[in-house]
Amino acid sequence: MTGLELLREELKKRGFNDHNVNGKLVAAVLDILSNTDHVYSDMVKAEQELDAVRKDVKRKSLEYRKREFYLEQAERDFKQARLEVEQYIEKFNAALSECETAEGRDAMRRAQTFVNSVSVNSKYDNTAYIIGLASILTNGGIGPIDKLKKLNPKLFREDELSIEL
């Protein structure tokens, strides 16, 4: 045990609290009594720096464990999403191969061409995309202009044009 540690123990026995015992004053008094310049004061400073480093390491360790948890969760979510996409593709390919009529197979081919060639840039494009795809898959059974007109009354059909004089 160092002289500083022995002095601290003795002060605790005499009723001093941790704040008094671990303060700079005790180290300074010990330096003066032992005529050691600043050895004990430097030890106290080094202990305080070590405590600060330990706290920082503990804080960073906790932060890294949190990051690890979130990354693991994101990885699980990604794997689940990938699995769902793969299952969707398998179901689509199975449905495509099971089309029983030539018209059904042709509709699926047109739909795939439509999907590959159209880009969606806004929510309105997305709505039009869905309605257009539905029209293709039903071989025109759903009129895209009629559906879009319900969503946006400003749209019109050519046969509805009338000029009033």
(request) Under 1.5 on a/c is rounded, so check that first for the stretch 67-140, then, if it is not, pick prolate when a/b is larger than b/c and oblate when it is not; a ≥ b ≥ c are the square roots of the alpha carbon gyration tensor eigenvalues. (result) oblate
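Out of the trypsin sites (Lys or Arg not before Pro) in the stretch 1-80, which ones are loop residues according to DSSP with at most 15 other C-beta atoms within 10 Å?
On the way: sites: Arg8, Lys12, Lys13, Arg14, Lys24, Lys45, Arg54, Lys55, Lys58, Arg59, Lys60, Arg65, Lys66, Arg67, Arg76, Lys79; in loops: Arg14.
When the trypsin sites (Lys or Arg not before Pro) of the stretch 1-80 are filtered for loop state and at most 15 Cβ neighbours within 10 Å, Arg14 remain.
Every read-out reported here was derived from the displayed coordinates using simple, explicitly stated rules and does not represent laboratory data. Here the structure is a predicted model, which means the values were calculated and not measured. Note that each Cβ is placed from the backbone with ideal geometry, even for glycine, and that neighbours are counted across all protein chains shown.
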